[in-house]
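Heads up: the structure comes next, in structure tokens.
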Amino acid sequence: MRVCFVQALSAGLLLSLLAGVHHGPLSAQGNPEAAKLQNPVQPSPESISAGKQAFTRYCANCHGLNAEGGPGNDLTPPAPDLTDKEWKHGSTDGEIFSSIKNGVAPDFNMGAFGDQLKDEEIWTVVNYVRSLAKK
């Protein structure tokens, strides 16, 4: 009987801790070093169009065609909405570039695309994503 009480108490404590972590405020995890990077590709209709093509090919399967987020699955959490104002991994051009190029640590639910996209292509994706911001 005593073992069951201890197990129940331990399980309740664990659930309380997990609930607190899950429901607590999420803080931004920006990257101060990446924030210093400046986008060398000026936003233009051409760069935004090129970014849309790369986004459609590499990003839309998770983030959705309109970049409004994806449902996730048993292995990965939902992909975030890229059109809103909440950017958990930093919202500067450099931080977005770094997230695309290097992935998002520690779990890498967002993988790295630096081996598939050249830096200039990543910067065009940054321009495209920026063009989608809800006004």
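Key figures for this structure:
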| item | result |
| --- | --- |
| Selection of GluC sites (Glu not before Pro), segment 65-135, meeting DSSP coil and at most 16 other Cβ within 10 Å | GLU68, GLU86 |
| Added length on full extension, which subtracts the Cα-Cα distance from 0.36 nm per residue, ALA112 to ASN73 | 12.2 nm |
| Shape of segment 55-135, Cα gyration tensor, a/c cut at 1.5 | rounded |
| Segment 70-135: relative contact order in percent, alpha carbon pairs under 8 Å with at least 6 residues between | 31 percent |
| Spatially proximal aspartates and glutamates relative to LYS134 (Cα-Cα < 13 Å; intrachain offsets below 8 disregarded) | GLU68, ASP81, ASP84, GLU86 |
| Magnitude of the charge dipole, segment 61-135, Cβ model with Lys/Arg +1 and Asp/Glu -1, debye to 20 | 240 debye |
| Stretchable slack from GLN53 to ASP119, in nm (0.36 nm times residue separation minus alpha-carbon distance) | 22.3 nm |
| Proximal lysines to LYS36, defined as alpha-carbon separation beneath 19 angstrom and excluding residues fewer than eight positions away on the same chain | LYS88, LYS101 |
| In segment 34-64, trypsin sites (Lys or Arg not before Pro) in a DSSP loop with at most 12 other beta-carbon atoms within 10 Å | LYS36 |
| Shape call, segment 42-98: gyration tensor on alpha carbons, a/c limit 1.5 | oblate |
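FYI, it's all coordinate maths here, none of it is from the lab. A quick note: this is a predicted structure, and the numbers were derived from the prediction, not measured. All Cβ positions, glycine included, derive from the backbone under ideal geometry; neighbour counts span all protein chains shown.
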